[in-house]
Amino acid sequence: MKLQQLRFLLAVAQNDLNITAAAERLFTSQPGISKQIRLLEEELGVTIFERTGRQLTGITDAGKAIISRAEAVLREVDSIRDVASEFSDPRAGSLSIATTQARYVLPPVIKAFRARYPQVDLQMHQGNPEQISEMAAGGGVDFAIATEATVDFGNLIMMPCYHWNRTIITPCDHPLRDVDPLTLEAVAEYPIVTYVFGFTGRSQLDKAFRRHDLEPNVVFTATDADVIKTYVRLGIGIGILAKMAYSPEQDKDLCSLDATHLFPPSTTRLGFRPGLFLRAYHYDFIELFASHLTRELVDNAVEAASEQERNALFTDLVLQEY
């Protein structure tokens with residue numbers, strides 16, 4: 001059994017059983033991949049892929065188990081390289097991040113990190129919670145940053161970074177500005193423009209309305225706060241978005257109504273897969289993003305025996321609020 005065979009195996013599985021696409025991804029030939037997979041099946045004495053003629057049509061139960069182990073083996077191989085790099089060239093390497101939110105808190109962190117580690121290849125990816133969870137769990141990225149419930153990221157080590165809440169934005173002549181105190185009942189009377197479900201703590205917003213037996217009239221959803229503000233300006237509805245996304249200087253034509261008493265705060269978390277070898281610059285990025293997440297605390301989270309034990313480490317932390 002060769003590591004190359006395992007890489008071929010994973011490439012085929014990750015490219016929807018398309019050997020041609022796998023070959024292009026690995027800069028090799030299609031016949032070479034087919035031959036090596038056949039040799040691996042013969043060596044192991046099991047069929048990994050189901051076939052119709054020469055076409056791969058599925059993965060056998062044995063194949064699924066083998067592919068899972070192959071992923072783990074190749075992650076360990078990558079970790080060995082990372083260990084060697086940490087000692088041979090500690091300020092060079094790569095860092096990849098997947099996030100549901102990339103505009104407001106991350107940019108100054110990225111700027112500081114790049115100034116400190118100019119030789120580290122930094123890659124950013126934006127996606128929905130399911131996508132970034134899969135990317136981090138599968139080794140496609142090092143860190144996942146998201147606000148969604150930790151149950152969505154149960155296969156990752158998740159650590160709380162900061163709290164944030166919401167604001168309601170309206171044109172400055174909107175009648176909702178005269179409602180004092182502002183209530184969810186009053187908000188629910190108007191069409192609402194807000195985040196797509198699954199992005200930026202949207203689930204917390206929906207739960208708040210349900211607790212009051214209210215059905216919000218959400219007429220438009222977006223993944224980006226600027227899009228929400230654009231449609232509020234067009235008169236489509238009032239906007240509910242992250243408080244940090246409203247700028248009094250840049251959004252002078254809109255007014256912000258404090259909604260922190262209407263919705264529970266959301267918590268943004270950073271996570272990574274168990275077994276990821278954390279290099280010095282990984283620790284530094286985490287602490288730049290959330291100063292309370294020191295190297296010692298991160299190591300304690302990694303070593304925690306259970307999610308409950310891990311969560312107990314963060315119980316008494318005072319997180320920054322945005």
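The values are calculated or read from the model by the stated rules, or taken from the named source; none is laboratory data. Computed from a predicted structure; not experimentally measured. Please note: Cβ atoms are built from the backbone with ideal geometry, for glycine as well, and neighbour counts cover all protein chains shown. What goes into the accessible areas is simple: the full protein's heavy atoms, side chains included, and nothing from ligands, DNA or RNA. Shrake-Rupley method; radii C 1.70, N 1.55, O 1.52, S 1.80 Å.
Of the residues Leu276, Leu214, the single one that is under 30 Å from Gly138 (Cβ atoms), modelled with pLDDT under 95 and either open to solvent by 20 Å² or more (accessible area, probe 1.4 Å) or part of a loop (DSSP other than H, G, I, E, B) (or both) is Leu276. Within the set Thr267, Thr315, Thr230, Thr221, the sole residue that is of a type outside the set (A, V, I, L, M, F, W, C), assigned to a strand (DSSP E or B) and free of Cβ contacts under 8 Å to residues at least 40 places away in the same chain turns out to be Thr221. Only residues that are of a type in the set (A, V, I, L, M) and surrounded by fewer than 18 Cβ atoms within 10 Å (Cβ to Cβ) were counted across segment 217-233, and they come to 2.
Could you list, in sequence order, all residues of segment 279-322 that are in contact with a helix residue (DSSP H, G or I) (Cβ under 6 Å, 6 or more places away or on another chain), over 17 Å from Phe113 (Cβ atoms) and either of a type outside the set (Lys, Arg) or surrounded by fewer than 15 Cβ atoms within 10 Å (Cβ to Cβ) (or both)? Asn300, Ala301, Ala304, Leu313, Tyr322 - these are the residues of segment 279-322 that are in contact with a helix residue (DSSP H, G or I) (Cβ under 6 Å, 6 or more places away or on another chain), over 17 Å from Phe113 (Cβ atoms) and either of a type outside the set (Lys, Arg) or surrounded by fewer than 15 Cβ atoms within 10 Å (Cβ to Cβ) (or both). When Asp258 is tested against (1) open to solvent by 50 Å² or more (accessible area, probe 1.4 Å); (2) more than 16 Å from His163 (Cα to Cα), just one condition goes unmet, and that condition is (2).
Residues checked against (1) among the charged types (D, E, K, R); (2) at pLDDT below 90; (3) on the phi > 0 side of the Ramachandran plot:
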residue	(1), (2), (3)
Ile37	no, no, no
Val46	no, no, no
Phe49	no, no, no
Thr52	no, yes, no
Asp61	yes, no, no
Ala65	no, no, no
Ala70	no, yes, no
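Being open to solvent by less than 50 Å² (accessible area, probe 1.4 Å), touching a strand residue (DSSP E or B) at 6+ places or on another chain (Cβ under 8 Å) and in a loop (DSSP other than H, G, I, E, B) is the filter here, so list the residues in segment 192-211 that pass it. Listed by number, the residues that qualify are Val196, Thr200, Gly201.
Quick one: would you say Asp206 is without any contact (Cβ under 8 Å) to a residue 12 or more places away in the chain and at positive phi?
Answer is no for this residue.
On the stretch given as segment 83-104, residues that are of a type in the set (D, E, K, R) and either in contact with a Pro (Cβ under 7 Å, 6 or more places away or on another chain) or buried (at least 16 other Cβ atoms within 10 Å of the Cβ) (or both) total 1. Just wondering, is there one or more residues in segment 239-258 that are free of Cβ contacts under 8 Å to residues at least 24 places away in the same chain and part of a helix (DSSP H, G or I)? Checking segment 239-258: not a single residue is free of Cβ contacts under 8 Å to residues at least 24 places away in the same chain and part of a helix (DSSP H, G or I). Which of the residues belonging to segment 1-38 are assigned to a helix (DSSP H, G or I), open to solvent by 70 Å² or more (accessible area, probe 1.4 Å) and among the aliphatic types (A, V, I, L, M)? The one that is assigned to a helix (DSSP H, G or I), open to solvent by 70 Å² or more (accessible area, probe 1.4 Å) and among the aliphatic types (A, V, I, L, M): Leu3.
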